[in-house]
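Working notes, structure below.
The values are calculated or read from the model by the stated rules, or taken from the named source; none is laboratory data. The structure displayed is predicted, hence computed values, not measured ones. Glycine also receives a Cβ, built like all others from the backbone with ideal geometry; neighbour counts cover every protein chain displayed.
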Amino acid sequence: MFAYNLDHVALAVRDLDSSLAEYKRLYGSDPIYREVVAEQGVEEAMIAVGGSYVQLLQPLGPDTPVGRFIESRGEGMHHVALAVADIDAALEHLEAEGARLVDETPRIGGRGARIAFVHPEAFAGTLVELVELPS
């Protein structure tokens, strides 16, 4: 079986600067990095929380996946990300178990990680991201 670890919980926000300031005011933490991931249509910031992270996602425009998410659901939890050692094997396992995949092939995300999304229909209405960090 696969070892899954919590990598991050992603929150969709309208304004990354104000959200980071509010997070710092409330929880006293600064992001460990911030970057634009144009291929995903977001600017993201990662905040370390114990051995995992909170990721804040600001859409680059209203026609991006996160932009549409905010338009339909408002700000809030977007997805849960699980770290895996071998994303290809994890996707193969999930597909064999009948899970609906958003991404059948991994792509590059923030931190240079290989990522793939599992459709919310697969489990409890929650979008799950698989993350294989670069070695």
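Within the bounds of the stretch 51-66, is there any residue that is within 19 Å of residue 33 (Cα to Cα), at pLDDT below 95 and not polar (S, T, N, Q)? Yes, the stretch 51-66 contains a residue that is within 19 Å of residue 33 (Cα to Cα), at pLDDT below 95 and not polar (S, T, N, Q). Note on the stretch 83-115: residues that are closer than 19 Å to residue 45 by Cα and of a type in the set (A, V, I, L, M, F, W, C) total 4.
Which residues, counting only those in the stretch 72-104, are farther than 25 Å from residue 62 by Cα, in a loop (DSSP other than H, G, I, E, B) and under 16 Å from the mean Cα position of the chain (by Cα)? 84, the sole residue that qualifies.
Just one residue in the set 73, 107, 100, 68 is under 22 Å from residue 23 (Cβ atoms) and of a type in the set (Lys, Arg); that residue is 73. Against the conditions (1) in contact with a Leu (Cβ under 8 Å, 6 or more places away or on another chain); (2) surrounded by 14 or more Cβ atoms within 10 Å (Cβ to Cβ); (3) under 15 Å from residue 8 (Cβ atoms), residue 132 satisfies every one except (1). Restricted to the stretch 2-31, and to residues there that are closer than 28 Å to residue 86 by Cβ and small (Gly, Ala, Ser), the residue that is surrounded by the most Cβ atoms within 10 Å (Cβ to Cβ) is 10.
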